[in-house]
Structures are given as structure tokens and as C-alpha cells.
1. How many nm separate the modelled label positions at residue 88 and residue 216, each set 7 Å beyond the Cα in the direction of the Cβ?
2. Rounded to whole Å, give me the distance from the Cα center of the range 648-683 to that of the range 274-300.
3. Show me the ranking of peptides 509-522, 95-108, 560-573 by mean Cβ neighbours inside 10 Å, starting with the highest.
4. Provide the packing ranking of 783-792, 290-299, i.e. peptides ordered by the mean count of other C-beta atoms within 10 Å per residue, highest first.
5. If each residue of separation counts as 0.36 nm, what is the full-extension length gain between residue 507 and residue 689 once their alpha-carbon separation is subtracted?
6. In nanometres, what is the gap between the two model label sites at residue 231 and residue 144, each 7 Å from Cα along Cα-to-Cβ?
7. Suppose we keep just the alpha-carbon trace of the range 99-257; what are its Rg and Dmax in angstrom?
8. Listing 465, 494 from the residue with the fewest other Cβ atoms within 10 Å to the one with the most, what is the order?
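Coordinate-derived values only; no laboratory data. In this text, all values refer to a predicted model and were calculated from it rather than measured experimentally. All Cβ positions, even for glycine, are placed from backbone atoms using ideal geometry, and neighbour counts span all protein chains on display.
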């Protein structure tokens, strides 16, 4: 294959040399020949003759990949032949090989993707020549020669990229196999059972190992202390004792002085921003004092242990002690923040002061237990202590830590109850929020039971795993929530201050930071609960490069690009609507309904165009999903038939405008003013200020009375009943006088009085009159009714109420007609 590529490269170089000579002689040839056809090779792009990934680099990648892959396969085969439980060193070696193969995979994939631009250019040139001729057809010779030359170049350009992709695929298979083997080895180590820490046999072995460690320490001390004089030894131990005793005392003294002053400053500050700044300064000073004290105590520990412990073990002890101290400092910071923050918004758990101090003490003690676990693991790995002592000490520490975790769960439940009681006593604060404390506390208790149960049974690694993972997870989630709430507090302070005009944009920042924190917390939680960091990195790389769904590849970058372009189009649409509403439409004097229809239609078009542009920007080819989309549309059509019908009806309402915003309409038994015509429904506000939501399909297919459709005069009908025996001519005269005397009744057409008919209890008459517009009908009819009641009372005309006269014949009945 390599010889073929080299021969093709030499052939291409010879062709380029010949074409260069032809170009030099071209003026002379043009003088003798009017038209000379250009050679196909002269049109070749220079970039296509030089592949992006050099042959040497590709061969180096293949050599490195073959070497790493062979090492990985050999080590895997060796592990298959070894009996017994896997060791930590074996897992570390296999992880190292896995990372090497993964680096080769990523490098090959990166180099393969570099040459895609040249390949795309050649594909575009081939497509520009048109589709190849079908079977039995032909194309011009110059086009055929050009197509053949471009396809030959494309084969040369894509050959290294194809080989690199093949290597990347092989590496992915090997990495997947190694990941599976690492998980199996870790699982096997995790379920390894030993002696329980309550087993006397483990006690005996632990005492023996302690005695051996003391003996080795005495021997090392005797050898190393002899190198120094007595005064040097006394001075060194005096400095160590002074550091151990003085560093905590000086640190506590300085912290109390500075903390009291800063706490008073926090209470005195009225501004939220200044109060938060002082609080951050207080935390920073506490961290600085704690770091100095930790360094001093670590130096003292090194002075004490240097004559006793080997240098390698001393380095491991110092590193583990420093990590334990950092854990303790972080626990103190998180505990004070979530329990005793001067800002009530930042407290995740609300407790009385005394109970909060106890909860903070429990958090510190759990951090000490976790730090002691780190030190024991470091001592065991360095070989300074035996496995039995490490197992006994770890199991005992886990049991203590599980009890502390149980206590912390109780504090969490107690804080929730205390918070609910305080909310209930506040005016208007009796509505409880979401209760996260109860499920979290139950989960903590479950992990505590699992940890202490596994330690008692003998599964010491399972106990350590559940205790450490649950504690770290709780700390991580608490830290993330505390940081996010602190950021929200800062943003709200800025939004209420000098940057109030940007408050809408500022309020989007907490959402963005919350999303970033959520992604980071999920990744870290996965690592805490057993996933390798390399696996998380591979997951992020896969999201970045894309996931294939059939013939479509979607990556995180495509999603971000789609969201960014769509939201930009969305905001441009909203800005255009606002600009048209405030600047353009008032110049045309359109009514409110027309403005609302145009703005809504522009909004639909803008959002549709934003979605199309976003899809086009990401470069997604959705043609392969056309069949699936068609099948889904048929299935969804039955389930979403009413939604589609209402949507179509909404579009028709905006185009035909049988009703518009501000119209007075009657739909069925509902009557009111149209306030909004949305995509699915129309909002009507009744005269009782009730909001009625009517589906748009009812407005299109049903009967709607639009009292505001006509802008001219509207007729009103005022019925009234008079008693039988009344003077109807006088009634007609009075009713006409009342109608003509009302200012809202038009003189033309003139009002009239008509008799509607004879009722059961009254003679029914009515006033027929016209008003200026339909909205004047109700108040005018009411005024006419008041005037009719007043005039009829003055004239003595009775308005009867419904009544019925019953006439009974032949009562009492005659005796000869009595029933037999």
C-alpha cells in the first residue's frame, strides 16, 4: 500500500513538472494556436497534492499505536493467567496502558479530521461536474478525464485519513476492553472479604504488626539519631514541640480577634454587596491562618518522624497529612457556610445556634475520620504499617464515621422541621417548599447502615467506599449549592444597584452558572462513585466530536450552535416586534387588533426562520429522517389532532380577522372582551373580570356574535310587560317619550314601540331604538328600564308579575255525581 502511494506521488510530481513547462511555453503556443484546451491537471488545486497529515507522522502514529496495543494485549493475557485477587499495582499499570492507547486514538482521530477540508474541496469539484453517466450513456471526454483525475487525487488524499480512522476504531475497541477489565478488577477487590474488626484474630495480628512497627522505628531512630549531637536533637525537638503547641494557639488567638471584628462589621453593614465582601474576606483570612498553622504542624511532624520513618514513607505521610488538613479546612468552611452564614439565603440547614454548633462539630469530626483514612492508606501503601493494622483501623474509623453520618442525617431532618415551624409562625409563610432534607437524610442513613454493616461482616473496602463516597458526594453537592446561591446573591445585589437597567440579562447568569455547576458536579460524582477520570474525559470528547444516529452525527458543539443561533433569532424577532409596535405602526394609525395580528404573525415567522437558520448553521442533514418524520407525523396526527386544529384556526383568525383584540364577542354562554389571540386559544375577559380561554377551533367552526364587528349604529330592544286592561295608547306614548328623551338614543332612525304579543300575565311591548355603537347598548337599555319603572309608577300603569288564575267548577260535587 505504501509503495502504491509513493508511486502515485511520483507520478503526480512528474505531471506537475510537465504542466509547469507547458505554462512557460504557453505564450508561444498561443501565438500559433488561437484556442488551446486547458489540461485537466492544470486545474488541480495545489492543496490537493499535499495531504495535510504527512506520511512520516502517520507512520509514527501507527508505530506508537502498535507498540502500545501490543503491550496492552500482553498485559491482559498475563492477568488472565494470574490467580488470586488483583492488586493496586496491576490496576495502576493497566490504567497507564489504557491512557496510552487512548492518547493514540485521539491523536489519530485528530489527524484524520484535519484532511477533511481538502477532501471536501475535491468532492465539491466532482459534484460540480454533474452526476456520473448512467449505464449505457457517455459524457464528453474532457469531463470524463477531469472526473478521473479528481477521483484519483481524492483517493490519494483520503488514504491516510482512512488508515487513521481504522487505527482509531481499533484503539477504541482496545480501550473499551481495558475499561471493562479495570472495572472487573476493581469490583473483585471491592468484594474481597477479610476478618471483621471485631474478630479477636484480627486484634492479635494488629498487635503483632504494631510491635513490629515499633521495633523497626526504634532501630531506625537509633541509627539516625546517632548522626546528630544531643544539643541538635534537643533543639530540633524543642522547635517541633513549639510548632505543635504554638501554631494552634496563635492561630486560634488571631482568628478570634479578627473574626469578632469582622463579624461586627458584617452586622453593621447595610449593603448586601459590602456585607458579602466582608464575609468573603473573613473566609479568606480563616483559610490563610489555617494554612499557616497546618504548614507549621506538618513541619513539626516531619521533625519528629524523620529519624524514625524512611524518606519514601515520610513523603507519603506528609502528603496525606496535608490532604487531610485541606479536607478539614474545606469541611469547616462548608459547615459554617451552610449552617451559620450571616445571609439566611445561603443557609442550607436552619437550626438553633446550639444545635448548629453540634452539627458543625459532627462535620469536622467526619472530616477528621476521612483524613485519618487517607493517612492510613498512605502508610499502608508505603509499607510502614501492615495490612491487618490498616484493615482494623480503617474498619474502626468507618464505624465511627457511619455513626457521625447518622447523627448528621438527624440534624438535617431537625433543621427541616425547625424551618417549617418558623415559616408557619411568619405571616403568609405557611406554604411549605420542596422537602429535599427528608430523602437526603434517609439516603445518608442507608449509606451509614451499609458502611457499618460491611465493616462488621468483613467487607472493609466496601465500607470505606460507601462512607467516603457518601461523605464526598454530600460535601460536593453542598458546596455547589452554596456557591450558586452566593453567586445569585451577588447578581441580585448588582441588579438592584447601579446595573438595574441590565437586570433582565443579569438574571440569566445564575441559570448559566447553574448549568455549568450541574455538569461539573455530575462529572465529579461519577468519579467519586467509581468511574475513572479518563472515562469522563472520553465522554466529553465523544460529546465534542459527536454521536452518530444512523447517518447523522450530532455533537455538543452542534447543540450549542443551534441554541445560540436560535436564541439570537428569537431575540431579534422580539426586538423587531417591539420596534414595529413603538415606532412604525403608530404612524399608520392601525387599530389595536390589526397591530396584534401583524405582530403575532411576525413572531411566528421569525421563530420559524430562526429554527431553519439554526438547523442550516449546524450543517445537519435531516433528509435521512424524512421517512421517520413522516411516520411520526401520521402517528402524532391522531394524538395531536385537536392541537393542530386549534393552531390552524389561530392562523385563520389572524389572517381573516373575524374577531380582533378589543372586540366584544359572545361565544355560547360567555360574553366579554377579547384580550389575546394566541396560537392555541383566545383569551376573553368577561365584564366580571373573569378570564375565559376558548379554543380557536370553536371560534372558527362555531357561532360567534361579535358586537364590535360593525362600527355603525346598533339597535337595542327593551321589552316591558303591562297589565291587562292598561291603556295601550298611553303606554305607547310614554315609551316613545322615554326613548326620545335619552341622549344615547339616535333621532334617526327614530325609536319605535311595538307590541310583541299577549302573555300569560301581561301584554308584552318593547322599545326599538338605535344607539351610536354596540358598546352603548347595555348602559342605554339600563337607563331606559329605570325611566320606564319611574314613569309607570307616576302614571299608575301596572307592571304585573307572573300569575295564574284557577277556576274550579262544580264544587262541592253533587251527590248523584259522586263516585261509586
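1. A separation of 1.4 nm, rounded to one decimal place.
2. If you average the Cα positions of each part, the centres end up 65 Å apart.
3. 95-108, 560-573, 509-522
4. Working: 783-792: 16.1, 290-299: 17.6.
The packing order, highest mean first, is 290-299, 783-792.
5. Values: separation 182, 0.36 × 182 = 65.52 nm, distance 3.24 nm.
Stretched out fully, the residue 507 to residue 689 stretch lengthens by 62.3 nm.
6. Placing both labels 7 Å along Cα→Cβ, they lie 10.5 nm apart.
7. Gyration radius and largest Cα-Cα distance of the range 99-257: 36.5, 106 Å.
8. 494, 465
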